[in-house]
Amino acid sequence: MSVRVKPKSHYALEVINVTKKFITGSPLPWGAKREVLAVNNVSFTVRPGEIFGVLGPNGSGKSTLVRLIATLLIPDSGTIKVFGYDVRKEEQIVKWLINRVSVEASFFKKLSPMENLLYGARLYGLNGREARSRILEILIRLGLKREEIFQPMEEMSRGMQQKVALARAFLSNPSLLLLDEPTTGLDPRSKREVQALVRELREEHGTTILLTTHDMVEADTLCDRVAILDEGRIVAMDEPRKLKEKVASNGSEPTLEDVFIALTGKRLEGG
Ligand code: ADP
Ligand code: MG
């Protein structure tokens with residue numbers, strides 16, 4: 001059962017005035033509570049086939065934003081639509097249209113990547129034999145060795161597990177793919193392999209991709225447009241080239257890092 005849903009909008013994604021706050025602290029009524037505005041009145045749209053980057057330091061609200069779009073959290077206010085379908089009122093349709101990859105992806109650790117992905121493929125309604133050859137193709141393209149594909153996942157590095165998580169998401173052929181820090185913690189080579197696959201996915205299937213990152217170079221090379229997030233607010237949004245043009249430079253080409261510092265007065269450290 002491969003669900004094809006007709007778009008209701010010219011936009012793949014519409015995020016309109018979205019706010020989400022968390023109350024943290026003591027569970028006791030008299031205990032001190034702290035409010036965190038994780039996503040603060042955020043608005044943007046993404047066109048079909050676009051690779052849209054959300055760039056920001058740790059704690060800037062990237063994962064919260066992704067989880068709101070993925071229907072895993074409910075916004076306090078504002079509207080989110082995926083291909084015109086409201087994440088709250090038409091949650092099931094939105095779930096058919098999206099897939100999300102985050103760093104805490106879960107697997108059956110005793111099973112191999114192939115077994116895990118065949119399980120995933122069955123959930124997505126793919127035919128077994130067809131799924132098997134596609135899984136092999138994707139995993140090999142991501143740089144897994146044949147023996148790794150058939151070994152229990154518990155023996156794999158985190159980077160390798162991240163690749164398997166990506167392969168699983170690609171398998172479902174989502175219309176909107178949400179990648180939350182897809183290359184964080186990967187070695188430079190794996191990073192490039194993942195980035196190449198993201199590009200191919202867009203070229204071959206026209207998949208719309210929203211990815212979060214705190215890697216300037218990644219945002220610059222991979223994304224058509226970038227929104228810079230700082231403490232839950234979008235402080236700038238444009239094509240990487242245009243963002244860089246806005247920052248005056250003395251001869252040398254500015255980086256997105258320079259843009260971030262110019263806008264926030266802060267440094268965008270990794271981690
Ligand atoms: P990022 O992904 O950019 O690192 P997050 O979206 O994870 O940022 O977090 C944004 C802010 O919201 C942080 O201050 C974080 O501590 C807070 N936060 C995120 N999730 C929760 C939660 N479930 N409960 C309380 N606070 C949260
Ligand atoms: Mg995060």
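The values are calculated or read from the model by the stated rules, or taken from the named source; none is laboratory data. Note that the structure is predicted; figures quoted are calculated from it, not measured. A quick note on method: Cβ atoms are made from the backbone with ideal geometry, for glycine too, and the neighbour counts reach across all protein chains shown. Just so you know, the surface numbers come from the protein's heavy atoms only, side chains and all, with ligands and any DNA or RNA stripped out. Shrake-Rupley method; radii C 1.70, N 1.55, O 1.52, S 1.80 Å.
Observations on the model:
- Candidate set from the stretch 24-40 (those that are within 16 Å of ligand 1 (Cβ to nearest atom) and open to solvent by 90 Å² or more (accessible area, probe 1.4 Å)); member that is nearest to the chain's Cα centre (by Cα): GLU35
- Residue list for the stretch 168-222, restricted to those being in a loop (DSSP other than H, G, I, E, B), more than 16 Å from ligand 1 (Cβ to nearest atom) and in contact with a strand residue (DSSP E or B) (Cβ under 8 Å, 6 or more places away or on another chain): SER172, PRO174, SER175, THR207
- Residue pairs whose Cβ atoms lie under 9 Å apart, separated by 6 or more positions or on different chains, with the first residue in the stretch 63-87 and farther than 21 Å from VAL36 by Cα and the second at pLDDT 95 or above and within 16 Å of ligand 2 (Cβ to nearest atom), are VAL82/ILE69; VAL87/LEU68; VAL87/ILE69; VAL87/ALA70.
- Looking only at the stretch 154-171, and only at residues there that are of a type in the set (A, V, I, L, M) and under 14 Å from GLU104 (Cα atoms), the one that is modelled with the lowest pLDDT: MET160
- Every residue from the stretch 223-252 that is free of Cβ contacts under 8 Å to residues at least 40 places away in the same chain and not in a helix (DSSP H, G or I): VAL235, ALA236, ASP238, GLU239, VAL247, ALA248, SER249, ASN250, GLY251, SER252
- Test: residue in the stretch 240-261 that is among the aliphatic types (A, V, I, L, M) and open to solvent by 50 Å² or more (accessible area, probe 1.4 Å): yes
- Among residues of the stretch 6-23 being surrounded by 11 or more Cβ atoms within 10 Å (Cβ to Cβ) and within 16 Å of ligand 1 (Cβ to nearest atom), the one that is nearest to THR207 (Cα to Cα) is VAL15.
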